[in-house]
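Heads up: the structure comes next, in structure tokens.
The values are calculated or read from the model by the stated rules, or taken from the named source; none is laboratory data. Predicted model only: the values in this text are computed from it and were never measured. Virtual Cβ from ideal backbone geometry, glycine too; neighbours counted across all protein chains shown.
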Amino acid sequence: METIQPTLRIGRTVWDKINMPEVEFQKRIDKIKQEMKKEGIDVLLLYGHAFNDYGNPCYVSNFIIRLPRGTIVVVTQDGELELMFEGSSRGVPFAKTTTWLKDVRACGDISKEIVKYLKEKDFIPSTTGFAGLRQLMPYNQFQLLFKSLDQCKIVDVNHIIRDMRMVKSQRECDQIRRSSRIVSHTFDVISDTVFSNMNERILEAHIFKAARLEGAGDIRVLIAKPLKAKWALRPVEDTAISAGDSIIIYLAVEFERYWSERIRTFIVKDSSLVKPEFETAETLYKRIMKRIKPGKTVSQFYKEAIGEIEKSHAEYIPEYGLGHGIGLNLQEPPVIAEVDTNQLKEGMCFTLRLTIKDTTIGAAMVGNTINLSKKGPEILTN
Amino acid sequence: MNDNDVKLNKAIELLNQRGLDGLIIYSSGTCSIMRPSYLHYFSELRPFGPNNAIIISKSGDITLLVEPPWDSIRASEKSWVSDTRGTSDFLRDLTSIMQELKITGSVGVVGSREMKHDIYNSIKKEANVEITDDIIEEIAREKTQKEIDIIRKTAQIADVGFEALLKYARVGIREYELVAEMEFAMRCAGANEIFLLMSSGKHNYEMHEPTERRLAEGDIIIGEFSPVYEGQFIQLCRTIVLGKPSPILIEKYNILIHALDESLKQIKPGVPASSISMAMNKVIGEAGYAKYCYPPYMRARGHGFGVGSIAPGAALNDDNKMIIERHQVLVAHPNQYIPETGYLACGDPVLVTDTDFERLTETEMKLYAKEV
């Protein structure tokens with residue numbers, strides 16, 4: 001789901017070496033190096049940007065940038081890994097407390113810094129793999145980098161890291177389970193709170209506080225009032241929440257780099273948020289979930305889900321989709337859509353959403369983060 | 001003529017003066033303390049999707065294009081631009097609007113630093129691109145009463161944030177819990193967003209994101225607290241001691257307060273921004289810490305803040321020769337590493353007036369001590 005990115009990530013920032021030990025990163029690096037060898041890549045540049053797309057460099061470093069700027073991890077066949085981020089050099093000591101990488105550089109413009117580094121290390125000319133650069137890097141930096149590497153053979157190798165990130169390790173699933181716990185706890189807090197003068201901004205403030213106190217690094221909230229003639233999910237406003245309103249709340253939380261999301265629909269009774277009866281949406285959601293099976297293509301699952309919706313005669317609202325992968329990015333592959341030919345596999349974590357029209361409350365929206373485990377699909381955000 | 005008509009007319013006048021067929025004001029949905037939010041300023045919509053643009057033709061047609069498509073409902077409610085469209089294929093629809101508005105010769109692009117390669121190239125295929133951030137910077141020079149009101153409200157929120165810090169800073173609370181309390185207070189007071197760096201300890205080296213560290217007696221807590229309201233940042237920098245401050249800490253903090261006072265005396269329309277930094281560095285240098293006034297210890301002595309323009313710039317330092325103008329908002333901060341005490345935070349936001357400046361926040365400038 002598209003949400004407002006913060007201007008600075010102000011939540012708990014640590015590297016918990018028990019939750020995510022160095023050996024986990026070493027395994028990933030070994031696999032990446034094998035893939036690099038297969039594809040004849042001398043040096044691989046893993047690029048990430050801001051708070052929605054930090055996944056690639058974070059996957060091998062655990063590093064997350066504090067400002068909406070760029071990060072690169074350089075992987076070579078033989079040398080140490082190098083982490084570069086855009087920011088001031090005063091930030092390096094703190095950055096080193098959040099990553100296992102020893103070589104960490106701060107810089108003003110990451111494209112210039114990477115060119116300098118590749119020259120220093122004699123990687124011009126070389127076969128250089130790009131992951132995330134073409135898609136995420138600001139054009140002026142990308143142009144400079146591309147021109148400066150005109151003696152190099154540039155190979156787009158997004159698929160290497162994308163395929164690895166799509167299927168989560170046990171530790172990654174555990175991290176998503178932890179962020180899911182915060183999401184669920186936060187919903188419990190707001191469901192149990194009696195608000196006086198309830199207003200969207202105050203509600204959001206309570207959501208942020210509840211999640212932050214549990215250790216959330218980044219938090220995203222959207223709200224909708226589906227009884228309005230024209231409605232959509234949106235950031236909160238200074239608008240009152242009144243008895244009789246129906247409200248959809250979207251909440252995503254990042255804990256130690258990993259995301260989870262949940263969506264629930266409420267009605268406002270007195271000064272509390274109450275879960276309405278909408279059996280159709282919940283029953284339908286369960287039926288769709290049963291269709292999730294390892295080995296199926298995502299496209300096949302999508303068609304079956306749409307088939308279930310049609311069978312139920314519910315009026316489906318397609319704007320928000322059925323979901324997508326979740327992990328280091330709030331949105332990542334696979335995307336639950338007809339065109340996605342990826343196969344569902346054990347270890348995948350994704351969001352599953354359903355939005356349908358409802359005559360009483362306008363619309364009902366349900367969403368969860370799901371882990372596809374050996375036992376089948378498990379809702380992590382219940 | 002309302003404020004938005006004035007903005008639009010000025011934009012049309014400037015793009016025609018430059019021989020441009022049109023103007024694209026772009027946003028990738030991010031908001032940075034170091035950069036203006038041009039699209040937010042011009043449209044009054046805080047963008048959040050991955051791609052958003054205002055497209056203006058030289059004859060005055062204007063369209064706001066937002067991604068994801070469902071955000072068009074909010075966009076049409078929040079923005080004064082009447083032709084608001086949602087898209088799930090930004091490149092296709094942007095180029096199609098350019099064709100519709102006959103933008104084929106040269107196009108001015110504002111906010112290009114946020115553009116990805118494919119978007120920039122697609123625009124370039126349709127028209128010659130000129131980077132024209134200065135068009136919006138020019139329009140944003142004069143602030144409206146509404147903007148001044150937003151600045152004042154943001155400053156009040158910063159005061160609320162500091163009150164919460166004073167209230168909740170105590171032995172045993174973790175850094176991230178303290179930040180959660182400050183954030184809660186500022187959001188309840190109206191903040192849309194918070195920029196907050198802090199550190200705690202007996203000897204701090206820099207400000208950073210909050211960790212799990214528990215506050216202890218004798219800790220020095222430093223922070224830059226910057227709420228954002230309607231795209232406007234305001235920053236307050238303060239230092240609190242948990243317990244009785246040492247005489248040396250009091251002595252060194254007084255140097256910073258003196259440096260701040262001296263630097264503020266420089267602020268008036270017509271003088272270069274470097275005078276702020278130079279006055280600060282002079283006081284701190286004369287106290288024996290000249291080496292610590294420059295990188296790698298110090299980078300900037302403050303920043304400009306604004307929605308359409310952050311003039312006099314993202315870094316107030318000795319090299320910044322931008323001229324200070326009326327209605328600019330800036331923070332002057334002699335935040336300083338001092339070997340005897342560690343890094344200390346001290347800074348106030350000000351609004352430049354016709355003759356000098358006005359302090360925007362109410363929080364008293366002093367070294368705060370909290371009994372434990």
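For this structure, a couple of remarks:
- Selection within the stretch B:176-196 - touching a residue at least 40 places away in the same chain (Cβ under 8 Å) and either within 8 Å of chain A (Cβ to nearest Cβ) or β-branched (V, I, T) (or both): B:N192, B:E193, B:F195
- The one condition in (1) part of a helix (DSSP H, G or I); (2) under 20 Å from B:E114 (Cα atoms); (3) in contact with a Lys or Arg (Cβ under 7 Å, 6 or more places away or on another chain) that A:N56 fails to fulfil: (3)
- Residue within the stretch B:284-303 that is hydrophobic (A, V, I, L, M, F, W, C), in contact with a strand residue (DSSP E or B) (Cβ under 7 Å, 6 or more places away or on another chain) and under 17 Å from B:I139 (Cα atoms) present: no
- Complete set of residues in the stretch A:77-91 that are assigned to a helix (DSSP H, G or I), out of contact with any Pro (no Cβ under 6 Å at 6 or more places or on another chain) and not charged (D, E, K, R): A:G91
- Residues that are of a type in the set (G, A, S) and touching a helix residue (DSSP H, G or I) at 6+ places or on another chain (Cβ under 8 Å) were ranked within the stretch B:1-42; the one that is farthest from B:E100 (Cα to Cα) is B:S28.
Okay, residues lined up against (1) touching a Lys or Arg at 6+ places or on another chain (Cβ under 7 Å); (2) among the polar types (S, T, N, Q); (3) modelled with pLDDT of 95 or more:
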site: B:N320; (1), (2), (3): no, yes, yes
site: B:E325; (1), (2), (3): yes, no, yes
site: B:V329; (1), (2), (3): no, no, yes
site: B:V350; (1), (2), (3): yes, no, yes
site: B:T355; (1), (2), (3): yes, yes, yes
site: B:R359; (1), (2), (3): no, no, yes
site: B:M365; (1), (2), (3): no, no, yes
site: B:A369; (1), (2), (3): yes, no, yes
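- Residue check for A:I72: within 23 Å of the chain's Cα centre (by Cα), within 15 Å of A:L46 (Cα to Cα), surrounded by 23 or more Cβ atoms within 10 Å (Cβ to Cβ) and at the interface with chain B (Cβ under 10 Å from one of its Cβ atoms): no
- Subset tally (residues that are aliphatic (A, V, I, L, M) and within 18 Å of B:Y41 (Cα to Cα)) for the stretch B:283-313: 3
- Hits in the stretch B:7-35 - residues which are away from chain A (no Cβ under 14 Å), crowded, with 23+ Cβ neighbours inside 10 Å, within 15 Å of B:L64 (Cα to Cα) and not small (G, A, S): B:L23, B:I25
- Breaking point among (1) over 15 Å from A:G362 (Cβ atoms); (2) buried (at least 16 other Cβ atoms within 10 Å of the Cβ); (3) without any contact (Cβ under 8 Å) to a residue 40 or more places away in the chain, for A:I247: (1)
- Breaking point among (1) in contact with a helix residue (DSSP H, G or I) (Cβ under 7 Å, 6 or more places away or on another chain); (2) on the phi > 0 side of the Ramachandran plot, for A:A210: (2)
- Note on the stretch A:116-134: residues that are within 27 Å of B:P50 (Cβ to Cβ) and free of Cβ contacts under 8 Å to residues at least 40 places away in the same chain amount to 1.
- Residues that are in contact (Cβ under 8 Å) with a residue 60 or more places away in the chain and part of a helix (DSSP H, G or I), drawn from the stretch A:153-169: A:I160, A:I161, A:R162, A:M164, A:R165, A:M166
- Leading residue by the ranking (farthest from B:I150 (Cα to Cα)) among those in the stretch B:231-242 that are more than 11 Å from chain A (Cβ to nearest Cβ) and either of a type in the set (K, R) or not in a loop (DSSP other than H, G, I, E, B) (or both): B:L242
- From A:Y47, A:Y59, residue being under 20 Å from A:Q175 (Cβ atoms), of a type in the set (S, T, Y) and touching a helix residue (DSSP H, G or I) at 6+ places or on another chain (Cβ under 9 Å): A:Y59
- Count of residues meeting criterion [surrounded by fewer than 22 Cβ atoms within 10 Å (Cβ to Cβ), assigned to a loop (DSSP other than H, G, I, E, B) and without any contact (Cβ under 8 Å) to a residue 40 or more places away in the chain] in the stretch A:294-341: 4
- Strands (runs of 3 or more DSSP E) contained in the stretch A:190-279 and holding at least 2 residues within 11 Å of chain B (Cβ to nearest Cβ): A:218-224
- Any hit, the stretch A:356-363, residues being of a type outside the set (S, T, Y) and closer than 24 Å to A:S179 by Cβ: no
- Residues that are under 19 Å from B:G342 (Cα atoms), at the interface with chain A (Cβ under 7 Å from one of its Cβ atoms) and surrounded by 23 or more Cβ atoms within 10 Å (Cβ to Cβ) within the stretch B:197-230 comprise B:E209, B:P210, listed in sequence order.
- Screening A:I41 on (1) touching a residue at least 60 places away in the same chain (Cβ under 8 Å); (2) surrounded by 21 or more Cβ atoms within 10 Å (Cβ to Cβ); (3) under 21 Å from the mean Cα position of the chain (by Cα) shows it passes everything except condition (3).
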